[in-house]
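The structure appears below as structure tokens.
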Amino acid sequence: MSSTGDSTAAGGSSPVHPVREDRRQVRRTWEARMSEVPADPSPQDDAHPGPDSALVGFRGPTACAAAGITYRQLDYWARTGLVEPSVRPAQGSGSQRLYSFRDILILKIVKRLLDAGVSLQNIRVAVTHLRSRGIADLTGVTLMSDGATVYECTSPHEVVDLLQGGQGVFGIAVGAVWRELEGSLGRLHAERTDTGETLVADDPGDELARRRNRAV
């Protein structure tokens, strides 16, 4: 468990607290939730890549819609280096940034941390921690915070220890955000990074709208 704040836990492991009997059920609950999240992303089909494939990128407006942020936030975070598009940066007037699934996942987490009152300084450190991990490792990470410090937990045991110490006020299970984002991006248009082909989303809502228009 690592900390992204300025507390005594920063840069190392926090002490392991003994788990009392009344906390064991809490731990079992967390273990059950974590076991529902696959440890690795789903296998990708190059002919029909999923939204989390390395072959897929998303333009700025799509990234905003999926992450729940404004385009002004997206632009500011890219220009200040908080979350930059890893697929294709802006290159002069008229060029389109292209974000990866991982980029948008981090955008969504940044938005939730900001909404919870975490300082931008600590969020920057948290983003660095997340980017240093392999993409498959992210599904096993839970971010806990007391509003001032962000803790990175990689097991239900560490989550319970933080709760016992009163340090965790809220938590973000990255694996759960991953699945939520996967569903959202599966309904939005994307672009193949190797060919530039536009991947048109198969949104049931769009199909329903087309049927209604034909009936009018």
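Structure notes:
- Using a probe of 1.4 Å on the protein chains alone, the accessible area found for I172 is around 10 Å².
- Accessible area, probe 1.4 Å, largest first, for residues Y151, Y76: Y76, Y151
- Taking all protein chains together, F170, F101 sort by accessible area into F170, F101, largest first [probe 1.4 Å].
- Rg and Dmax over the alpha-carbon atoms of region 107-191 stand at 13.4, 46 Å.
- Between L98 and V87, R88, the built amide H atoms are under 5 Å apart, and every one of these is 5 or more places off in sequence or on another chain.
- Backbone N atoms of region 63-92 closer than 20 Å to the 7 Å Cα→Cβ label point of Q121 belong to residues 77, 80-83.
- Accessible surface, 1.4 Å probe, highest first, among residues R79, R133, R112: R79, R112, R133
- Each part gets one Cα centre, and for region 49-78 versus region 99-126 those centres are 13 Å apart.
- Accessible area in square angstrom per residue, region 149-198, 1.4 angstrom probe: 39
- Prolate/oblate/rounded call for region 146-198, Cα gyration tensor, a/c under 1.5 rounded: prolate
- Element breakdown for region 61-185 at a 1.4 angstrom probe: carbon and sulfur atoms account for 50% of the accessible area.
- Within the full protein context, the accessible area of E191 is estimated at about 20 Å² for a probe radius of 1.4 Å.
- Per-residue HN-Hα couplings for region 60-66 [Karplus 6.51, -1.76, 1.60; θ = phi - 60°; Hz; x = Gly/Pro]: x, x, 5, 4, 5, 4, 6
The values are calculated or read from the model by the stated rules, or taken from the named source; none is laboratory data. Source: prediction; values computed, not measured. Heads up, the Cβs are rebuilt from the backbone with ideal geometry, glycines too, and the neighbour counts pull from every protein chain shown. Ligands, DNA and RNA are excluded from the accessible area calculation, which covers all protein heavy atoms including side chains. Shrake-Rupley method; radii C 1.70, N 1.55, O 1.52, S 1.80 Å.
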